[in-house]
2 protein chains.
Amino acid sequence: MDIKFLKDQILNKNSFLCLGLDSDIKKIPVHLMKEDDPVFTFNKLLLDSLNQLLVAVKINTAFYESEGSKGWKTLEKTIEYININYPQLFTIADAKRGDIGNTSDKYAQAFFKHMDFDSVTVSPYMGRDSIEPFLKYDDKYTILLGLTSNAGANDFQISDKSELDLFKSVLKKSQNWINSNNLMYVIGATKSIYLKEVRSIIPNNFLLIPGFGAQGGSLTETYINGANNDIGILVNSSRSIIYAGNDINFLEKSLKEAESIQNQMKTLLND
Amino acid sequence: MDIKFLKDQILNKNSFLCLGLDSDIKKIPVHLMKEDDPVFTFNKLLLDSLNQLLVAVKINTAFYESEGSKGWKTLEKTIEYININYPQLFTIADAKRGDIGNTSDKYAQAFFKHMDFDSVTVSPYMGRDSIEPFLKYDDKYTILLGLTSNAGANDFQISDKSELDLFKSVLKKSQNWINSNNLMYVIGATKSIYLKEVRSIIPNNFLLIPGFGAQGGSLTETYINGANNDIGILVNSSRSIIYAGNDINFLEKSLKEAESIQNQMKTLLND
């Protein structure tokens, strides 16, 4: 999917909402446990119900890996279901991978070829040659961790001296990498005070913004400080939508929650 | 497995060799392709042939993930085969994971509970709360990326000013985390000039040292500068051993290569 198409989707749907399928077999509604593949059914029902409110779907691999090869099968079925039924949704493998070149090559194969995600999240710790194997896919997007939403972001990403902040070095250096137009960046909604500075370094790239909802970030702050001329932000919500309910009527509650967020987005986009 | 047992294994076997099963279906000997699960058979044959020369086995998840759920099945079969047949080998899931707390919890489940690895490699970028879900397993080891073996290590891990080196900050801060006795660190053999400084910061923790062999690091330099009173190093070799040959006699070549490395280790340990 190209960025122009994604921007059009945002404007058409009045939404920059990304749904995070952090689907945990221990948390899904009990009545789904009679299904052959309860997590796949849960994902499918959510997608069928919410797709018009979304422009992107983020699947966090951890929740599937914890169930081993069976969980990976569910992951494969979910991405295939999206690609067949909702090809207009931008898909993100939230995998936070990164390794030496010949190994990152294999991760890129896993997410871009074997499963055909539009994008994958990667960790910058190992530097340029650990990311280039992802960037070499011209039609795919590589989403680099910048400033994450968790408390631990303060351990290494942020320094005592602002000019030494690691996340800024990541933003700056990565702009010189081959195909850097195909980079996006993770910037946590809980760190919205940094968004203006982020935008001064990377005015054009899309930002994937987690940490809204369960983690407490503000949507308005995020939009005001993070949006650019292309809108340029995808705000993710996982738990607050997918676990809004946990009984037979869970979809109604998820729909209500997603509609509420999308309504706020509509207001922001049209103000 | 506890560290005392690992140290005893090193002294008994005169080896601190870790075998890296970066087993790539496109690179294994052609005659194995007639097997039901060629990569599993390749791994099994290598383990049966080389186990006496090794104290550890590192399985890099990327090479399995690139084949999807089928590859994950091979990964599960391989770790199960090792745990049943060679429980004295220290097992490492080289996965370089790391995410916010509730998500790292799921990765820890994947590698420590679902598959029962002794250890997993993790990236420090997201800080303390992304690592603690691994460290809370008292009987498992968490191997933090410190200074990696690749060229990209210079992008963020090493600074222009030595006192600002990120990898040193990672070593220092992580020593204050709960259960930090269960931390090990990745320090590339290609960075052996830093090993004395590394040991001044973390004198006691085990180091996992990749980058020997195909990547060009020196075994002697690594041992002289990296070993401590517990020996305290695991030197990994992947490609130079597992792809030493690629025909019907590949095991002989792999065995010869592993014996040559183990002989050098024996000399170093007994000097």
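Take residue B:111 and tell me if it is more than 8 Å from chain A (Cβ to nearest Cβ), under 21 Å from the mean Cα position of the chain (by Cα), surrounded by 24 or more Cβ atoms within 10 Å (Cβ to Cβ) and over 17 Å from residue B:207 (Cβ atoms). In short, yes. Take the residues in the range A:189-219 that are touching a helix residue (DSSP H, G or I) at 6+ places or on another chain (Cβ under 9 Å), modelled with pLDDT of 95 or more and assigned to a loop (DSSP other than H, G, I, E, B); name whichever of them is surrounded by the fewest Cβ atoms within 10 Å (Cβ to Cβ). Among those that are touching a helix residue (DSSP H, G or I) at 6+ places or on another chain (Cβ under 9 Å), modelled with pLDDT of 95 or more and assigned to a loop (DSSP other than H, G, I, E, B), it is A:204.
Taken over the range B:153-188, the criterion of being under 19 Å from the mean Cα position of the chain (by Cα) and either modelled with pLDDT under 95 or not hydroxyl-bearing (Ser, Thr, Tyr) (or both) is satisfied by B:153, B:167, B:170, B:171, B:181, B:182, B:183, B:184, B:186, B:187, B:188. For the range B:157-177, the tally of residues that are charged (D, E, K, R), free of Cβ contacts under 8 Å to residues at least 12 places away in the same chain and either in contact with a Lys or Arg (Cβ under 7 Å, 6 or more places away or on another chain) or closer than 16 Å to residue A:157 by Cβ (or both) stands at 1. Of the residues making up the range B:220-236, those that are of a type outside the set (A, V, I, L, M) and either in a helix (DSSP H, G or I) or at pLDDT 95 or above (or both) are B:220, B:221, B:222, B:223, B:225, B:226, B:228, B:232, B:236.
Reported count of residues in the range A:134-161, each being under 16 Å from residue A:195 (Cα atoms) and assigned to a loop (DSSP other than H, G, I, E, B), is 5.
If you check residue A:58 against the conditions, is it more than 7 Å from chain B (Cβ to nearest Cβ), among the charged types (D, E, K, R) and out of contact with any strand residue (DSSP E or B) (no Cβ under 7 Å at 6 or more places or on another chain)? No; evaluated as a whole, the condition is false for this residue. Consider the range A:15-30 and keep the residues that are farther than 17 Å from residue A:208 by Cα and surrounded by 13 or more Cβ atoms within 10 Å (Cβ to Cβ). The one that is nearest to the chain's Cα centre (by Cα) is A:23.
Inclusion of residue A:102 among residues that are under 30 Å from residue B:167 (Cβ atoms), free of Cβ contacts under 8 Å to residues at least 40 places away in the same chain and in a helix (DSSP H, G or I) is warranted. On the stretch given as the range B:223-253, residues that are touching a strand residue (DSSP E or B) at 6+ places or on another chain (Cβ under 9 Å) and crowded, with 17+ Cβ neighbours inside 10 Å total 13.
For residue A:68, indicate whether it is touching a residue at least 24 places away in the same chain (Cβ under 8 Å), at the interface with another protein chain (Cβ under 9 Å from one of its Cβ atoms) and surrounded by fewer than 20 Cβ atoms within 10 Å (Cβ to Cβ). Against the criterion (touching a residue at least 24 places away in the same chain (Cβ under 8 Å), at the interface with another protein chain (Cβ under 9 Å from one of its Cβ atoms) and surrounded by fewer than 20 Cβ atoms within 10 Å (Cβ to Cβ)), residue A:68 does not qualify. Scanning the range A:241-271 for residues that are touching a Ser or Thr at 6+ places or on another chain (Cβ under 8 Å), in a helix (DSSP H, G or I) and under 18 Å from residue A:24 (Cα atoms) yields A:241, A:242, A:251, A:254. Among the residues of the range B:71-98, the ones that are among the aromatic types (Phe, Trp, Tyr), part of a helix (DSSP H, G or I) and surrounded by fewer than 24 Cβ atoms within 10 Å (Cβ to Cβ) come to 1 in all.
All told, residue B:42 meets the bar of being part of a helix (DSSP H, G or I) and under 23 Å from residue A:105 (Cα atoms). Quick check on residue A:180: is it within 23 Å of residue A:111 (Cα to Cα), in contact (Cβ under 8 Å) with a residue 24 or more places away in the chain and of a type in the set (Gly, Ala, Ser)? So residue A:180 passes the test. Cβ contacts < 7 Å: first residue in contact (Cβ under 8 Å) with a residue 24 or more places away in the chain and more than 7 Å from every other protein chain (Cβ to nearest Cβ), restricted to the range B:143-155; second residue part of a strand (DSSP E or B) and polar (S, T, N, Q), any location; separation 6+ or different chain. Result? Close Cβ pairs satisfying both conditions: B:143/B:119; B:143/B:121.
The values are calculated or read from the model by the stated rules, or taken from the named source; none is laboratory data. All values derive from a computational prediction rather than experimental measurement. Cβ atoms come from the backbone with ideal geometry, glycine included; neighbour counts cover every protein chain shown.
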